[in-house]
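> Sharing a structure, written as structure tokens. Questions coming.
Please treat every number below as a calculation from the coordinates, not as lab data. Source: prediction; values computed, not measured. Please note: Cβ atoms are built from the backbone with ideal geometry, for glycine as well, and neighbour counts cover all protein chains shown.
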């Protein structure tokens, strides 16, 4: 057997190489720099790596047309790394979006003022909660700066996930983005047991989901004789034998991806992990993971299984409806802000799946309508900014025990801190899809796309669940502005540094701008085009 030297398109893969290379440099800093001197170099390195990768992404995107039709594929972009990585318009947009959210994640990770001069991450993760070792680490102000290279590794996996050109690369990307997040979820400085429980649940359920994904990849390989999306697509359109293998493989692969996006009935980890993880991790994870996982889901379903659409579409109908109903109903009965946002995230997953059911070709749409890919990409943009901004505000509301996430601690917040409460209310209104907010435009884009594809029953359920969701969003706004503070004392807003405040302001401006002037971003989403097939 002759060895074939792999050929890599280094220029087009530069964003990935920058992030993963920066993560390795961060590991070297942990190994060779004294513990007390690591924090600033890690923060500066992480910020520079993310900004550099974002600049590289923009440069790659501006030269994307030069690769039109490369490697025998249709569409703008190229299939690189021996067919393992696909760099096309949707990939570039998703990369840029993930890196923007990652920059907000770096800022929230670096915040120290809220905890009295230390970060939100534990000083000694190996120490048992409540032991002398943990107290000593807290007294000395120790900090786990490993969180920054872990963040970069997770970002690298997120970049690779939606750009995967075959099932094996997609599985590797899934593990690269998941394993660092499992660790990060268990590193909260306060509520250590809750944080460790969240990490354990996320790890165990995530391991099961990865197993389903890998078994599904094996079945699809048995059907198509190939793990590349192009090869699978050819086998599907040719009507290869063993159709049962294909259907079972699609179902098992969907389990792995639907777990990552938090869709019902695979959402059980979401409220516990969102509540127990450090809030900075929750903010980054809620936005970045959703973007990466939906990008991977879209590429898998549209490129590899596009010819089998009528087989997997009914499955997504059921899952979309279940996610919307379960998320909207269970969010109503929550009494913790982070759990409410978690179930809200489940409902938004259902809304995004409605968009996945939409029309995939622009030629089938009337003027002014958007394809399913365009609608989902825009919705992910609006959702990510709202979630990062909302969780950033959650870090500001505190009492003697740290973050005050119980509802009664938020009572009367609009009277004591009207600006913070007003910003949080605006993010909630955007999630509810109220006009003049980004959320309204996002829902309009995915709903019209699904209607054009004939999925009107799912759209009707989505509209009903949106109305139900307004209930718990408005209830929290009423709690902040029209309810007297709790007799035992409400949570107070702690003054943050420019890192958290700047993140909130950027998310607020983006949410407002995308609601009032969505045209430029919608044009950008439209110009991204379709996946390379």
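> For the chain, what is the calculated [θ] at 222 nm in deg cm²/dmol (nearest 500), taking -39500 (n - 2.57) for each run of four or more DSSP H residues and dividing by its residue count?
Mean residue ellipticity at 222 nm (helix-derived): -22500 deg cm²/dmol.
> Rg(Cα) of the chain divided by 2.2 N^0.38 Å?
Details: Rg = 22.4 Å, N = 533, 2.2 N^0.38 = 23.9 Å.
Dividing the Cα radius of gyration by 2.2 N^0.38 Å gives 0.94.
> At 7 Å along Cα-to-Cβ for each site, give me the label-to-label distance between residue 207 and residue 436 in nm.
That separation, rounded to one decimal, is 5.2 nm.
> Determine, for 479, 373, the number of other Cβ atoms within 10 Å of each Cβ, and report the residues in order from fewest to most. Don't skip to the answer; put the middle values down first.
Working: 479 18, 373 29.
Neighbour counts put them in this order, fewest first: 479, 373.
> Another question about this same structure. Starting from the exponent 0.38 and prefactor 2.2 Å, build the expected Rg for region 1-64 from its residue count and divide its actual Cα Rg by it. Working shown, then result.
Working: Rg = 15.8 Å, N = 64, 2.2 N^0.38 = 10.7 Å.
Relative to the 2.2 N^0.38 Å estimate, region 1-64 comes out at 1.47.
> At 0.36 nm per residue, minus the direct Cα-Cα distance, what do residue 8 and residue 400 gain on full extension? Give it in nm, one decimal, please.
Numbers: separation 392, 0.36 × 392 = 141.12 nm, distance 5.38 nm.
Gain on stretching residue 8 to residue 400: 135.7 nm.
> Still on this structure, please answer the following. Please arrange 115, 374, 9 by how many other C-beta atoms lie within 10 Å of their C-beta, fewest to most. Intermediate values should be presented prior to the final figure.
Values: 115 20, 374 27, 9 17.
Ordered from fewest to most neighbouring Cβ atoms within 10 Å, 115, 374, 9 come out as 9, 115, 374.
> Find how much the distance from residue 335 to residue 247 grows on full extension, using 0.36 nm per residue of separation minus their present alpha carbon separation; answer in nm with one decimal. Working shown, then result.
Numbers: separation 88, 0.36 × 88 = 31.68 nm, distance 4.07 nm.
Net length gain for the segment: 27.6 nm.
> Would you please classify the overall shape of region 411-511 from the alpha carbon gyration tensor, given that a ≥ b ≥ c denote the square roots of the eigenvalues, rounded means a/c under 1.5, and beyond that prolate means a/b larger than b/c while oblate covers the rest?
On the way: a/c = 4.02, a/b = 1.80, b/c = 2.24.
It comes out oblate by the Cα gyration axes.
> Now for a different question. Could you compute the FRET efficiency for residue 512 and residue 44, with r as their C-beta to C-beta distance and R0 at 35 Å, rounded to 0.05? Write out the running numbers ahead of the final one.
Numbers: r = 30 Å, r/R0 = 0.87.
Using R0 = 35 Å, I get an efficiency of 0.70.
> Would you list 420, 291, 303 from fewest to most Cβ contacts within 10 Å?
Values: 420 19, 291 27, 303 22.
Listing 420, 291, 303 from fewest to most nearby Cβ atoms yields 420, 303, 291.
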